[in-house]
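The values are calculated or read from the model by the stated rules, or taken from the named source; none is laboratory data. Note that this is a predicted model, so its numbers are computed, not measured. Note that we place each Cβ from the backbone using ideal geometry, even for glycine, and neighbour counts take in every protein chain shown. Ligands, DNA and RNA are excluded from the accessible area calculation, which covers all protein heavy atoms including side chains. Shrake-Rupley method; radii C 1.70, N 1.55, O 1.52, S 1.80 Å.
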Amino acid sequence: MVVLSVPAEVTVILLDIEGTTTPIAFVKDILFPYVKENVEEYLQTHWEEEECQQDVRLLRKQAEEDSHLDGAVPIPAASGNGADDPQWMIQAVVDNVYWQMSLDRKTTALKQLQGHMWRAAFKAGHMKAEFFEDVVPAVRKWREAGMKVYVYSSGSVEAQKLLFGHSTEGDILELVDGHFDTKIGHKVESESYQKIASSIGCSTNNILFLTDVSREASAAEEAGVHVAVVVRPGNAGLTDDEKTHFSLITSFSELYLPSST
Ligand SMILES: CSCCC(=O)C(=O)COP(=O)(O)O
Ligand SMILES: [Mg+2]
């Protein structure tokens, strides 16, 4: 088995979800289709609720920022006098969500709505999050060795907690010391990793980030974070340069902590 030695200065392991802890297929074949199939009904049912209206406001703001993009779908401004036709507005939101999802966009607005929609499905037991089998044993071992374990995903913090709280391995939320999402910044921007380090209260070189996406790995590396790219079944392929440049692991069990036995 290949072994990757974790540098002694590392005290925090930062985990991506999709393609790292969890198969991309679970996200693409279960989580995302659930949103596409249910978004219209969800909006019809929850339209009058404050949480739903907040989601719509955030989506509208994002749509304004996206207006220069090819194929962007606008969400009309509410008049504020209650005279708007909700059906017309709901259709615009549905079309916007479909457009964003067709591009797999990672906007905070889309991710917030998705998280709210998944809540009902997870809580009712209709969905359980899949984790690769090496994840839970490795995380337990790292924590026993004194490591802190954080999650950084484009999925909202609320959605992350749903996944870890309702997994095929049971409720494993207690294995995570904290969560970050795109509210701290995008995963392909190096400042995000500096902000994460400040928020945790450590230096960037105390963090090891595990991700499947080389652009995220490069951004973290630029911030001084240690990185390993995780190669899992179903993940996008890496270029030869990426394979040479990054440390690669195919299972969390390949990480060797000098402090553990
Ligand atoms: C709570 S994860 C849901 C999956 C998701 O929405 C997503 O965009 C995954 O992104 P990641 O940053 O984990 O690769
Ligand atoms: Mg990922």
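Amide H to amide H distances under 5 Å link Val227 with Phe209, where only residues 5 or more positions off or on other chains count and H is placed in the peptide plane. For the chain, adding -39500 (n - 2.57) for each run of n ≥ 4 DSSP H residues and dividing by the number of residues yields -13000 deg cm²/dmol at 222 nm. Ligands, DNA and RNA excluded, the heavy atoms of Tyr98 present near 100 Å² of accessible surface to a 1.4 Å solvent probe. Couplings for region 243-257, taken from phi via the Karplus curve 6.51 cos²θ - 1.76 cosθ + 1.60 with θ = phi - 60°, read 5, 7, 6, 8, 6, 10, 10, 10, 8, 5, 5, 7, 7, 10, 9 Hz in order; Gly and Pro are left as x.
Tell me, what % of the accessible area of the chain is carbon and sulfur with a 1.4 angstrom probe? Walk me through the numbers on the way to the answer.
Values: 6210 of 12350 Å².
Accessible surface attributable to carbon and sulfur in the chain totals 50 percent.
Counting only DSSP beta bridges with both residues in the chain, tell me the antiparallel percent, nearest 5. Provide the component values of the computation, followed by the final result.
On the way: 1 of 23 bridges.
Around 5 percent of the beta bridges assigned by DSSP in the chain are antiparallel ones.
Phi angles of region 96-110 translate, via the Karplus equation with coefficients 6.51, -1.76, 1.60 and θ = phi - 60°, into HN-Hα couplings of 5, 4, 4, 5, 4, 5, 5, 9, 6, 6, 10, 6, 4, 4, 5 Hz per residue; Gly and Pro are given as x.
Amide H contacts of Phe180: Val151, Tyr152, Ser153, each under 5 Å away and 5 or more positions distant or on a separate chain (H built 1.01 Å from N in the peptide plane; Pro and chain starts excluded).
In summary, the chain shows an alpha-carbon radius of gyration equal to 1.07 times the 2.2 N^0.38 Å reference for compact globular proteins.
Remark: region 206-213, residue by residue, has Karplus-estimated 3J(HN,Hα) of 8, 10, 10, 9, 10, 8, 9, 9 Hz, where x stands for each Gly or Pro and the curve is 6.51 cos²θ - 1.76 cosθ + 1.60 at θ = phi - 60°.
Taking label points 7 Å from Cα along the Cα-to-Cβ direction, His245 and Lys106 give a separation of 1.6 nm. For the set Asp241, Asp16, solvent exposure ranked by accessible area (probe 1.4 Å, protein chains only) runs largest to smallest as Asp241, Asp16. Taking a ≥ b ≥ c as the square roots of the Cα gyration tensor eigenvalues, with a/c under 1.5 meaning rounded and otherwise prolate when a/b beats b/c, else oblate, which class fits region 28-124? The shape class here is oblate. Between the listed residues Leu103, Gly201, Thr211, the Cα displaced farthest toward the positive end of the dipole of the chain, a dipole computed from Cβ unit charges relative to the Cα centre, is found at Gly201.
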